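The values are calculated or read from the model by the stated rules, or taken from the named source; none is laboratory data. If you're wondering where the values come from, they're calculated on a predicted model, not measured in any experiment. Cβ placement follows ideal geometry from the backbone for every residue including glycine, while neighbour counts extend to all protein chains displayed.
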Amino acid sequence: MASTSRLAKVRARLDLPTVRRASGLLEGRHRSIYSGHGQDFDEMALYQIGDDVSDIDWKATASTGHPVIRRFVRDSNLAMVLAVDTGRNMAATAPDGSRKSDLALFAAEVICYLARNRGDTVALVAGDDERIVQIPARGGSSHMEMLLRRAEAMFDLEAPRSDLNRVFDRILTWFTRRSLVVVITDEARPEPVHEMALKRLRTRHEVMVVQIGDRLPTDDPNEVIDDVDTPLDIPEFLRSRKDLVEEATEYALRRRGDAAALLRRRGVEAVTADSEDQLIDAMIDILRRQKRVHR
């Protein structure tokens with residue numbers, strides 16, 4: 001069925017241990033986002049391996065002689081927001097030769113798949129210099145399929161330039177409930193012009209960033225690769241020059257480093273993915289780091 005094709009495909013591309021590992025890491029986020037759990041007390045129960053030790057009731061444990069925890073009923077599911085950069089830079093080429101938009105969509109599909117399995121809701125804010133699309137947070141496969149199709153339709157080499165500030169500002173004005181915001185952009189962003197908006201976003205929400213890597217114009221002397229942000233026409237003999245290759249590589253590393261330093265200053269976890277396989281490992285890693293930081 002078309003309504004389940006995307007989530008079915010992403011499930012087929014993830015092995016079961018990976019799904020369990022990612023879902024388990026995401027599970028712990030509920031306690032970090034809602035201070036004091038945001039839950040109503042339900043019952044006392046014997047401690048089981050895997051339970052949060054902070055839930056142990058020490059008085060009850062002392063009186064019974066066995067570890068006892070307080071169980072709660074969650075009063076609401078976790079709200080997730082996909083914040084997608086749809087500037088023309090996202091339709092360019094990734095280091096593995098695939099389209100950056102395909103990697104970006106795969107990252108969004110993984111988030112939606114995990115959220116659907118947990119019964120969480122997902123919203124979308126996607127935009128660039130001229131366009132902005134927002135879809136309210138809901139759960140279920142049909143909603144998430146529609147959300148992914150809307151994002152996919154916005155990726156194009158003829159799209160307007162990137163403008164993350166418009167995306168951040170829309171989230172800040174639209175979402176009052178504390179949420180997990182997953183920003184999907186490229187390796188050059190966020191930039192200094194985005195820092196203040198990111199700072200405001202970070203004070204209201206949990207934020208993680210998935211950056212999609214760029215293929216360098218010098219990666220293959222026989223292949224013409226344009227810079228869609230600042231269009232360049234580089235002759236073949238220049239693309240094959242060793243000094244130009246080294247300069248382009250240094251520039252790319254410096255650009256990544258600048259973005260990484262900005263994110264560290266704002267306490268935002270981020271990963272950069274250059275291929276689909278790397279993206280899976282990177283997203284698992286970022287969820288693990290987030291869980292450790294907020295535990």
Q. Does Thr93 satisfy the condition of being in contact with a strand residue (DSSP E or B) (Cβ under 9 Å, 6 or more places away or on another chain) and within 24 Å of Glu206 (Cα to Cα)?
A. no
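Answer yes or no as to whether Ile69 is assigned to a strand (DSSP E or B) and either of a type in the set (Phe, Trp, Tyr) or in contact with a His (Cβ under 9 Å, 6 or more places away or on another chain) (or both). Full working, then the answer.
Details: assigned to a strand (DSSP E or B): yes; either of a type in the set (Phe, Trp, Tyr) or in contact with a His (Cβ under 9 Å, 6 or more places away or on another chain) (or both): no.
No.
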Q: Would you be able to say whether some residue in region 126-134 is assigned to a helix (DSSP H, G or I), within 17 Å of the chain's Cα centre (by Cα) and either surrounded by 16 or more Cβ atoms within 10 Å (Cβ to Cβ) or among the aromatic types (Phe, Trp, Tyr) (or both)?
A: no
Q: Determine which single condition Asp96 fails, assuming it passes every other condition in (1) surrounded by 14 or more Cβ atoms within 10 Å (Cβ to Cβ); (2) at pLDDT below 55.
A: (2)
